[in-house]
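All remarks here apply to the structure that follows.
The values are calculated or read from the model by the stated rules, or taken from the named source; none is laboratory data. Fair warning: this is a prediction, and the values are worked out from it, not measured in the lab. All Cβ positions, glycine included, derive from the backbone under ideal geometry; neighbour counts span all protein chains shown. Each accessible area value is taken on the protein alone, full model and side chains, heavy atoms only, with ligands, DNA and RNA left out. Shrake-Rupley method; radii C 1.70, N 1.55, O 1.52, S 1.80 Å.
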Amino acid sequence: MRHHTHDILAPLPGTARQIHSFHYGPESSGRKVYIQASLHADELPGMLVAWYIKQRLAELETAGRLLGEIVVVPVANPIGLEQVLMDIPLGRYELESGQNFNRRFVDLSQQVGDDVEAQLGDNPQRNLELIRSSLRVALGTQIASTQLQSQRLTLQTLACDADMVLDLHCDFEAVEHLYTTPEAWPLVEPLSRYLGAQASLLATDSGGQSFDECFTLLWWQLQQRFDGRFEIPMGSFSVTLELRGQGDVNHSLASRDCQALISYMMHFGIIAGDPTPQPQLLYPATPLAAVEPVETPVGGLLVFCALPGEYLEAGQQIAEIIDPITDLVTPIHTLNPGLLYARSLRRMATAGMVIAHVAGTEAYRSGYLLSP
């Protein structure tokens, strides 16, 4: 194991922070998996899973079973981890800028495409290596002017040449689910099975340039640009794993998730060994554009009458909003059928607040598809 420390631009003297990456297996194999946890710093189930993975990878490395490099960043957001205001962790948005920590990663597809166009040829593997090399150089020329930009560049540089990128998150109250692209779904389906994901949500570009999409989008955009001229492989696929809810930080779940990821990496061929048989797929992959963000038109006490993991019919009541002053009770219904996979932790709703997400099957949204 190789432990590297990456300094982040300090916003003020005496306030330096670092990203720590742990590298297992041979660097020279030409194969790489990147795993990070808690980019939203108040989402901690993945951090415990990453700790378990570190222990298992150390054992597997000693046994000579790692066939490629596996990089683990257990604390992907030291900036947000320190943002605790009056005993409340605020790890989703940077307090200084208000920006979501998982948005606005740098888009280098145009720059990389311009750089490699004259060098591309009829060898897909050589094209892949040219693009990865150009991407590393392009990231190296970026100059961060803020601490947040520095953190983003550090994470993006660590993962830019990985075959597989796994970003471990969680929701507020939720069942296990994941986000990836339609193009990557055939590769990701076994992961959904091993993890027991109850929803698998697909979008090529959901907007916002999130961490997972800053890799897959680059390769997809280059494929579109050079279609019919040069064969561009999908040099990286990414998955955002939502490991249930914020309160699901315990050894039982984390050890189970760790084993699921190890089994998947055996299936992927970067760890030697026979993976366990794949369980059944619990819910078919569906478009992210088919997800219904359920909103409340009024504010008041939020009382749910449906649990994460329940399948809801169109028009089914999901919650009610109670005004304790007027005694008005407002029922909240879904518009479309689908799986309730996540709901809010808050129990005092404000008018216009999204209180839950339901995974439908028929796409009806477009444009920006993510939460703020």
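Working out 0.36 nm times the residue gap between SER252 and GLN18, then minus their Cα-Cα distance, what length gain in nm do you get to one decimal? Present the calculation step by step, with values, prior to reporting the outcome.
Working: separation 234, 0.36 × 234 = 84.24 nm, distance 2.97 nm.
The SER252-GLN18 span can extend by a further 81.3 nm.
At 1.4 Å probe size, with the rest of the protein present, what percent of the exposed accessible area of region 1-53 is carbon and sulfur atoms? Could the numbers behind the result be given before it?
Numbers: 1360 of 2340 Å².
Whole-percent figure for carbon plus sulfur exposure: 58.
Write down the Å³ per residue value for the convex hull defined by the alpha carbon atoms of the chain.
Working: hull volume 55.8 nm³, N = 372.
Each residue corresponds to 150 Å³ of Cα convex hull volume.
Counting each DSSP H run of 4 or more residues in the chain as -39500 (n - 2.57), what helix-only mean residue ellipticity at 222 nm follows after dividing by all residues, to the nearest 500 deg cm²/dmol?
On the way: 8 runs with 103 residues, N = 372.
The helix-only estimate for the chain comes to -9000 deg cm²/dmol at 222 nm.
Taking the alpha carbon gyration tensor of region 285-343, what are the square roots of 5 times its eigenvalues, largest first, to the nearest whole Å? Before the final figure, lay out each step's value.
Working: eigenvalues 115, 22, 17 Å².
In descending order, the three semi-axes are 24, 11, 9 Å.
With a 1.4 Å probe and all protein chains left in place, how much of the accessible area of region 291-372 comes from carbon and sulfur atoms, in whole percent? Show your work: numbers first, answer last.
On the way: 2490 of 4160 Å².
So the carbon and sulfur contribution to the accessible surface is 60 percent.
Given 0.36 nm per residue, what is the gain on full extension from ALA363 to THR204 after removing their alpha carbon distance, in nm? Don't skip to the answer; put the middle values down first.
Details: separation 159, 0.36 × 159 = 57.24 nm, distance 1.33 nm.
Result for the pair: 55.9 nm of gain on full extension.
If you take all C-alpha pairs in region 37-153, what percent of them are over 18 Å apart? Mind showing how you got there, number by number?
Details: 4488 of 6786 pairs.
The calculated P(r) of region 37-153 puts 66 percent of pairs beyond 18 Å.
For region 178-260, what is the relative contact order in percent, using Cα pairs closer than 8 Å and at least 6 residues apart in sequence? Working shown, then result.
Details: 70 pairs, mean separation 29.3, N = 83.
Rounded, it is 35 percent for region 178-260.
What FRET efficiency do you get for HIS4 and GLU313 if R0 is 45 Å and r is their Cβ-Cβ distance, rounded to the nearest 0.05? Can you show the working numbers first?
Numbers: r = 51 Å, r/R0 = 1.14.
The calculated FRET efficiency here is 0.30.
Suppose a student asked you for the relative contact order of the chain, using Cα pairs under 8 Å spaced at least 6 residues apart; what percent would you report? Kindly include the intermediate steps, with their values, before the conclusion.
Details: 821 pairs, mean separation 64.2, N = 372.
Taking the mean separation of contacting Cα pairs over the length of the chain, I get 17 percent.
Take peptides 12-18, 208-214 and line them up by average Cβ neighbours within 10 Å, highest first, as a rough protection proxy.
Working: 12-18: 10.4, 208-214: 22.6.
In decreasing order of mean packing, 12-18, 208-214 become 208-214, 12-18.
With 18 Å as the cut-off, how large is the P(r) tail for region 208-306, expressed as percent of Cα-Cα pairs? The partial results should precede the final answer.
Values: 3488 of 4851 pairs.
That fraction is 72 percent.
For region 263-366, what is one quarter of the convex hull surface built on the Cα atoms, given in nm²?
On the way: hull surface 34.9 nm².
Mean projected area of the Cα convex hull: 8.7 nm².
Below 14 angstrom from the Cβ of GLY309, what's the summed charge of the other residues (Lys, Arg +1; Asp, Glu -1)? Don't jump to the answer; show the numbers that get you there.
Numbers: positive: ARG244, ARG343; negative: ASP171, GLU173, GLU176, GLU242, ASP248, GLU310.
Neighbour charge sum, excluding GLY309 itself: -4.
With a/c under 1.5 counting as rounded, go ahead and sort region 79-141 into rounded, prolate or oblate using the C-alpha gyration tensor (a ≥ b ≥ c being the square roots of the eigenvalues; past the cut-off, prolate if a/b is larger than b/c, else oblate).
Details: a/c = 4.70, a/b = 3.69, b/c = 1.27.
Note, shape of region 79-141 comes out prolate.
Using the heavy atoms of the protein chains and a 1.4 angstrom probe, tell me the accessible area per residue for the chain in square angstrom. Please list the in-between numbers first.
Numbers: 16140 Å² over 372 residues.
Heavy-atom accessible area per residue stands at 43 Å².
For region 26-173, what is the charge dipole size about the Cα centre, in debye to the nearest 20, if Lys and Arg each add +1 at the Cβ and Asp and Glu each add -1 at the Cβ? Provide the component values of the computation, followed by the final result.
Numbers: 12 positive and 21 negative charges, 60 e Å.
Value, rounded to 20: 280 debye.
Contact order normalised by length for region 245-372, with contacts defined as Cα pairs under 8 Å and 6 or more residues apart; what percent is it? If you can, show how the numbers build up before the last one.
Numbers: 218 pairs, mean separation 34.9, N = 128.
Relative contact order comes out at 27 percent.
Where does each of 279-285, 366-372 land if you order them by average Cβ count within 10 Å, highest first? Don't skip to the answer; put the middle values down first.
Working: 279-285: 14.6, 366-372: 12.1.
Going from most to least packed, we get 279-285, 366-372.
What dipole magnitude, in Debye to the nearest 20, does the chain give about its Cα centre under +1 on Lys/Arg Cβ and -1 on Asp/Glu Cβ? Don't jump to the answer; show the numbers that get you there.
On the way: 23 positive and 42 negative charges, 132 e Å.
Around 640 debye, computed over the chain.
For region 223-372, give the magnitude of the charge dipole about the Cα centre (Cβ charges: +1 Lys/Arg, -1 Asp/Glu; no others), in debye to the nearest 20. Numbers along the way, then the final one.
Numbers: 8 positive and 14 negative charges, 73 e Å.
With Lys and Arg at +1 and Asp and Glu at -1, about 340 debye.
Roughly how many Å is it from the Cα centre of region 98-140 to that of region 210-263, as a whole number?
One Cα centre to the other: 17 Å.
Quick check on region 111-236: take the gyration tensor over C-alpha atoms, sort the square-rooted eigenvalues as a ≥ b ≥ c, and tell me if it's rounded (a/c under 1.5), prolate or oblate.
Oblate, because a/c is 1.5 or more while a/b does not exceed b/c.
Only helices at least 24 Å long along their own axis, judged from Cα atoms, and with Kyte-Doolittle mean hydropathy of -0.5 or greater: name those in the chain from DSSP H.
Numbers: long enough: 45-62 (26 Å, 0.10); 124-141 (26 Å, -0.14); 251-268 (25 Å, 0.18).
Span-like helices in the chain: 45-62, 124-141, 251-268.
For LEU85 and THR157 in one chain, what is 0.36 nm times their gap in residues minus the Cα-Cα distance, to one decimal in nm? Mind dumping the intermediate values first?
On the way: separation 72, 0.36 × 72 = 25.92 nm, distance 3.06 nm.
Here the segment from LEU85 to THR157 would lengthen by 22.9 nm.
Looking at ALA289, TYR264, GLY228, which one has the Cα that reaches farthest to the positive end of the dipole of the chain (charges on Cβ: Lys, Arg +1; Asp, Glu -1)?
Comparing the listed Cα positions along the dipole, TYR264 ranks first.
Hey, with R₀ at 51 Å, roughly what FRET efficiency would GLN125 and THR350 work out to, going by the Cβ-Cβ distance, to 0.05? Can you show the working numbers first?
Details: r = 53 Å, r/R0 = 1.04.
Once rounded, the FRET efficiency stands at 0.45.
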